[in-house]
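J.: First the structure, then my questions, so here it is.
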Amino acid sequence: MTDDKEAYVVRYGWTFKSALLVLFSGAATALMVHLGLSSLTRVACAVFFGACAVVLCAVSFSRRTALRVDGEGVTLGGHALFRYGSTLLFVPWSDIEALVRWEQVIRPGGMKVPGDFMLRVKQPYLGIKRRPELPPMPSAATPMGFANSAAVMATARHVPGHYAHTSRAVSGWRLDADKLTAALARFAPGVELKDLRGGALSDW
């Protein structure tokens, strides 16, 4: 394995978004407690927001690998807290055509805010485009795999469903596109980084 000094390695840690969510969850929990846990709804809200704050803090402090690009290939980290090892994905350079940045757009219930502005939540992803002659990823044949593919096609219609099996959300860690591009030039000059957020993937 390539030395860490040469590899591009990103670990789970604090980001502006995660810190903001922790503050919001903590404030919501404190508000529910202040109002009094006299109803089941308040108790449920306090437990939910409190659990969110704890999980977000645990992810940020885990320091597990979220992305590694080295001489052997690309490793996309698994879920930071649960089943990390079994959800870890490693793809060798011989199987990779390109790395792809794409995003999932979620519209919660079609909600709108004043000004007729549609509320949208964008979740960025980093994915791997494997060579077309390769067999599907093993996860594609599982019930969860089918569900993930359907979710991708519903929330990112321009993205082929199979990207669900070779992508990880850029959440709880930061992606530095310049450093990633430099690592690709160093380890795999023939592999491009495609930024297709909001664009079509018809040829991908």
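Condition check ((1) modelled with pLDDT under 75; (2) more than 24 Å from residue 12 (Cα to Cα); (3) open to solvent by less than 50 Å² (accessible area, probe 1.4 Å)) across all residues:
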residue	(1), (2), (3)
71	no, no, yes
88	no, no, no
97	no, yes, no
100	no, no, yes
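J.: Taking the residues in region 13-68 that are part of a helix (DSSP H, G or I), aromatic (Phe, Trp, Tyr) and touching a Gly at 6+ places or on another chain (Cβ under 9 Å) as candidates, determine which candidate is modelled with the lowest pLDDT.
T.: If we filter region 13-68 for residues that are part of a helix (DSSP H, G or I), which is where we start, we get 16-35, 40-62.
Among the residues that remain, those that are also aromatic (Phe, Trp, Tyr) are: 16, 24, 48-49, 61.
Among the residues that remain, those that are also touching a Gly at 6+ places or on another chain (Cβ under 9 Å) are: 49, 61.
Working: 49: 80, 61: 76.
Among those residues, the one meeting the criterion is 61.
J.: Could you grab me the full set of residues in region 165-198 that are open to solvent by less than 50 Å² (accessible area, probe 1.4 Å) and in contact with a Gly (Cβ under 7 Å, 6 or more places away or on another chain)?
T.: The answer is 165, 166, 167, 173, 187.
J.: Can you report the number of residues in region 45-58 which are in contact (Cβ under 8 Å) with a residue 12 or more places away in the chain, under 18 Å from residue 14 (Cα atoms) and open to solvent by 30 Å² or more (accessible area, probe 1.4 Å)?
T.: Residues meeting the conditions: 5.
The values are calculated or read from the model by the stated rules, or taken from the named source; none is laboratory data. Note that the coordinates shown come from a computational prediction; the quantities given were computed from them, not determined experimentally. Cβ atoms come from the backbone with ideal geometry, glycine included; neighbour counts cover every protein chain shown. What goes into the accessible areas is simple: the full protein's heavy atoms, side chains included, and nothing from ligands, DNA or RNA. Shrake-Rupley method; radii C 1.70, N 1.55, O 1.52, S 1.80 Å.
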